[in-house]
């Protein structure tokens, strides 16, 4: 044997090719050269010192990726951004202050006053409000497709000035999973980027880029962070949309394909597959200012370390609870596509391996009064808005998230008087079932003796 000591192996810094569970712990890390901190620290600084005059020029020209100001980028948030991009399989990510900010930034990069967006009809109520109020005020119209399998409906709503198609992997509150492949085919046919909200799915359950999506958005407040302590959002660039082909087809995206000033190439020329993310960071997030606090960015990349473990528990409990609820006499229906009885179960099996998250709807007997009795009868479930927490939550959509919509829209969306949205947390499934039973007993007490005695 040689007397020479072996060189010390250097830690991994490039996590490409490692498994998902490894990358969710390590991707985006950087070594601390000052004290050897194992966890990337919180960089609480508004700005950053330039090395010299030329370094300042290079940073502002985009020739350096070093930060300029925390409104557009921060080292702590960069850890979360690189980790999320790795988990989703994208080229780059941009962290922002909330899920609504992520949706707004993602679409403002693509559309401006006078442009148009098409969305599937079943999406989060807050996003519908955003589209119908703020986007409308900014001069961007949004139309909805109710039957995504109907090509004629897409043909009717897509216009020459349409700039994006928007959808969700697992819509809230009814868990009516989306056939991404079908919608991606429509988007490709019309040379439109497909923007997908994967908040409820998360990359632990489904990765939209593998199904034809081009841009993914998240409310990181939910499952990615996981504990409900920090509001945040993010968008991920798939690096897979052909911006030049879209321009040749008559769909212009000037922020991405036009040079911002003489002597400087376009974002596409300079950043290639990361051009969309870089454009969003510089031309939208930097301008409007929905920056993410470094403290919240720290909580986000800490939360992602356990994402797959938490999602496994969320889904396991949800499948069990949804199946149990389906058998209860006080329940009219359960909207959970992971159940074999659900009309969308085939898509759930094909694209989600039957694992369709932990946000779903349950309709109890008695309409609003039945819903009131149920909500007032639970003690473990928190009565609050929000989803994707370690804690289980319940809310009545018709009088909260969907209260501003017309009866006609709510009827078409299936938002009925007795519908409740459940977010299944990480508590014991047995304890949650006992709590749900207590709520259903209150519902049964309102009903006729024949119903209340049927067990």
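In table form, for the structure just shown:
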{"item": "Residues of region 162-177 classified as farther than 23 Å from residue 141 by Cβ and outside any loop (DSSP other than H, G, I, E, B), total", "result": "0"}
{"item": "Test: residue in region 392-399 that is part of a loop (DSSP other than H, G, I, E, B) and in contact with a helix residue (DSSP H, G or I) (Cβ under 8 Å, 6 or more places away or on another chain)", "result": "yes"}
{"item": "Sole exception among (1) under 24 Å from the mean Cα position of the chain (by Cα); (2) over 21 Å from residue 216 (Cβ atoms) for residue 152, by number", "result": "(1)"}
{"item": "Residue tally, condition under 29 Å from residue 361 (Cβ atoms) and assigned to a loop (DSSP other than H, G, I, E, B), over region 101-138", "result": "4"}
{"item": "Residues satisfying the stated conditions in region 379-397, i.e. surrounded by fewer than 20 Cβ atoms within 10 Å (Cβ to Cβ) and either more than 30 Å from residue 300 (Cβ to Cβ) or in contact with a strand residue (DSSP E or B) (Cβ under 8 Å, 6 or more places away or on another chain) (or both)", "result": "379, 382, 383, 384, 385, 386, 391"}
{"item": "Hits in region 243-263 - residues which are in contact (Cβ under 8 Å) with a residue 24 or more places away in the chain and either within 21 Å of residue 123 (Cα to Cα) or part of a loop (DSSP other than H, G, I, E, B) (or both)", "result": "249, 250, 251, 253"}
{"item": "The one condition in (1) buried (at least 19 other Cβ atoms within 10 Å of the Cβ); (2) in contact with a strand residue (DSSP E or B) (Cβ under 9 Å, 6 or more places away or on another chain); (3) in contact (Cβ under 8 Å) with a residue 40 or more places away in the chain; (4) not in a loop (DSSP other than H, G, I, E, B) that residue 332 fails to fulfil", "result": "(1)"}
{"item": "Among the candidates 386, 361, residue that is under 22 Å from the mean Cα position of the chain (by Cα) and at pLDDT below 95", "result": "386"}
{"item": "Neighbours by Cβ (under 7 Å, 6+ apart or cross-chain): first from region 345-365, on the phi < 0 side of the Ramachandran plot; second surrounded by fewer than 19 Cβ atoms within 10 Å (Cβ to Cβ) and part of a strand (DSSP E or B)", "result": "363/332; 363/333; 364/332; 365/332"}
{"item": "Within region 72-100, considering residues that are assigned to a loop (DSSP other than H, G, I, E, B) and at pLDDT 95 or above, the one nearest to residue 298 (Cα to Cα)", "result": "97"}
{"item": "Criterion (buried (at least 24 other Cβ atoms within 10 Å of the Cβ) and either in contact with a helix residue (DSSP H, G or I) (Cβ under 6 Å, 6 or more places away or on another chain) or farther than 21 Å from residue 110 by Cβ (or both)) met by exactly one of 214, 175", "result": "175"}
{"item": "Any hit, region 303-323, residues being under 29 Å from residue 84 (Cα atoms), in a loop (DSSP other than H, G, I, E, B) and in contact (Cβ under 8 Å) with a residue 40 or more places away in the chain", "result": "yes"}
{"item": "Qualifying residue in region 178-190 (condition: in contact (Cβ under 8 Å) with a residue 40 or more places away in the chain, part of a helix (DSSP H, G or I), at negative phi and surrounded by fewer than 16 Cβ atoms within 10 Å (Cβ to Cβ))", "result": "yes"}
{"item": "Lone qualifier among 292, 224, 235 - being in a strand (DSSP E or B) and within 30 Å of residue 170 (Cβ to Cβ)", "result": "235"}
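The values are calculated or read from the model by the stated rules, or taken from the named source; none is laboratory data. Since the structure is predicted, the reported quantities are computational estimates derived from the model, not experimental observations. Backbone-built Cβ (ideal geometry, glycine too); neighbour counts: all protein chains shown.
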